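Peer 1: Structure in structure tokens, see below.
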Amino acid sequence: MQLRGISQTATNTAVILAVIAVLAGCSTAEGSNARAPVAVKDPSSSPSCTATSRLIPSCGAWWGVAPEVFTGAPLEHALHGAEARMGAAADVVHVYHRGSELFPTDAEIRMARDPARPRLLMINWKPSLDRTWAEIADGALDARIDRLAGYLRRTFPERFFLTLHHEPENDVDASSGSGMQATDYAAMYRHVVLRLRADGVKNAVMVMTYMGAPNWAAQPWFEDLYPGDDVVDWVAMDPYADSRVDDFEGLVNKTRKEYPDWPGFYRWMQARFPGKPVMVAEWGVFQQGDKRAFFESVRRQIKRYPQIKALLYFDSPKAPRGDTSFDAGTGAGRAFSELARDPYFRSTPVPRP
């Protein structure tokens, strides 16, 4: 979560609308500390719904969460607490790693392999906090990448989502020689993915995660961030809602009057990546908004966005810009629970290990 973020190659509005039209054709517990029963998908209930090798659900979308972030709670406790609070199981658990940390951890593996309700892992990795993207692309961390690859081969053969240095817009330094230009990010991402693959890691489903804010998309280097279709399986955004965002449409298609050519991230992704699934890898509603009404809007509107195949909530009482706990606010917990239990998110069973 980095809450700061149109390309100068303006998107042709007519083309976007045409693509949208084509794709459209294709396409409860009140908040409390009580431990409510957790709704678990019954794989026998939707036998025709399956997930592809790139973890794309054939029906509906995955439901996920980054649970109780910044609370200090151990991950398993945080996940079980969040699932109990929302009265539903998560399909995807969003976890964060940096530097030389090896992943998934024992706790993450236990969550993925839970026989009662297996979960997919969305692993968010910043390979380094002190090396530039250009240095990584030139091989500075190859030993670290190789060590991680060996660990993954030995311990975790299951498919998992992996994103590299999410929300890179916030860290771009466009000055010459910085090593942190947008093209350096793309080179870093490609290098890490190709080296992991060369080291035998074939089970990582790669996600490119943008911030989802119009002012960053307005930068002249914005399009240069993309590493290439061959190393990106999903594209993602991390939008958040404050009092200026009224509903789900406003969240995933944020616009600003200062950038009249910017169509919104979902519309841009439809036009730019028509063949790729979209993940909302982080989303949250701050306390200054009406959380209950917002969650109700997600339930009403989600089916209008068929390219969104995963929705992962960022649940934190201490997020950088406010409280995104889903059950903080009058009626918010019940509305969120009803959203989490909606059949749209219960239609494709999580693949079992």
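Values quoted throughout were computed directly from the atomic coordinates according to the rules given, and no laboratory measurement underlies them. In this text, all values refer to a predicted model and were calculated from it rather than measured experimentally. With ideal geometry, Cβ positions are generated from the backbone for all residues, glycine too; neighbour counts draw on all protein chains shown.
Peer 1: Looking at the range 295-343, which trypsin sites (Lys or Arg not before Pro) are DSSP coil and have at most 16 other C-beta atoms within 10 Å of their C-beta?
Peer 2: Passing both the DSSP loop test and the Cβ count: Lys318, Arg321.
Peer 1: In the set [x] 59, 46, 40; [y] 54, 50, 40; [z] 104, 43, 36, which value of Cα extents along the principal axes in Å was calculated from the structure you see?
Peer 2: [y]
Peer 1: Counting other C-beta atoms within 10 Å, and keeping those with at most 13, which DSSP coil trypsin sites (Lys or Arg not before Pro) do you find in the range 175-247? Spell out each step's value before the answer.
Peer 2: On the way: sites: Arg190, Arg195, Arg197, Lys202, Arg244; in loops: Lys202, Arg244.
Loop-located and lightly packed - Lys202, Arg244.
Peer 1: Can you run phi through the Karplus equation (6.51, -1.76, 1.60; θ = phi - 60°) for the range 331-342 and list ³J(HN,Hα) in whole Hz, with x for Gly and Pro?
Peer 2: Coupling constants for the range 331-342: x, 5, x, 5, 5, 5, 4, 5, 5, 4, 8, 4 Hz.
Peer 1: Taking a virtual spin label 7 Å from the Cα of Ala218 along the C-beta vector, which residues in the range 265-303 bring their backbone nitrogen under 19 Å of it?
Peer 2: 265-269
Peer 1: Enumerate the calculated ³J(HN,Hα) couplings along the range 60-71 in order (Karplus 6.51 cos²θ - 1.76 cosθ + 1.60, θ = phi - 60°), each rounded to whole Hz, writing x wherever the residue is Gly or Pro.
Peer 2: x, 8, 5, 10, x, 7, 9, x, 6, 5, 6, 9
Peer 1: Within the chain, count lysine pairs with alpha carbon atoms under 30 angstrom apart where the residues are 8 or more positions apart or belong to different chains.
Peer 2: Lysine pairs meeting the criterion: 28.
Peer 1: Nearest 5 is fine: what % of DSSP beta bridges in the chain come out antiparallel, could you say?
Peer 2: Working: 2 of 38 bridges.
About 5 percent, rounded to the nearest 5.
Peer 1: Taking amide H positions as placed 1.01 Å from N in the peptide plane, with prolines and chain starts having none, which residues 5 or more places from His97, or on another chain, fall under 5 Å of its amide H?
Peer 2: Counting only residues 5 or more places away or on other chains, the set is Asn124, Trp125, Lys126.
Peer 1: In deg cm²/dmol, rounded to 500, what helix-only [θ] at 222 nm does the chain give when every DSSP H run of at least 4 residues adds -39500 (n - 2.57) and the total is split over its residues?
Peer 2: -8500 deg cm²/dmol
Peer 1: Please list, in order along the range 240-250, the HN-Hα scalar couplings obtained from phi with the Karplus expression 6.51 cos²θ - 1.76 cosθ + 1.60 (θ = phi - 60°), rounded to whole Hz, x for Gly and Pro.
Peer 2: 10, 10, 10, 5, 7, 10, 8, 7, 4, 4, x
Peer 1: Let me ask you something else. How many angstrom lie between the C-alpha centres of the range 315-345 and the range 57-91?
Peer 2: If we compute the Cα centre of each part, the gap is 11 Å.
Peer 1: Taking 2.2 N^0.38 Å as the expected size of a compact globular protein, what ratio does the Cα radius of gyration of the range 165-205 give against it, to two decimals? Please list the in-between numbers first.
Peer 2: Details: Rg = 12.4 Å, N = 41, 2.2 N^0.38 = 9.0 Å.
Taking the Cα Rg and dividing by 2.2 N^0.38 Å, one obtains 1.37.
Peer 1: Right, something else. With r defined as the distance between the Cβ atoms of Ser175 and Arg244 and R0 fixed at 22 Å, what FRET efficiency is calculated, to the nearest 0.05?
Peer 2: 0.10
Peer 1: Under 1.5 on a/c is rounded, so check that first for the range 152-244, then, if it is not, pick prolate when a/b is larger than b/c and oblate when it is not; a ≥ b ≥ c are the square roots of the alpha carbon gyration tensor eigenvalues.
Peer 2: Details: a/c = 2.71, a/b = 1.47, b/c = 1.85.
Because a/c hits 1.5 or more and a/b fails to exceed b/c, the range 152-244 counts as oblate.
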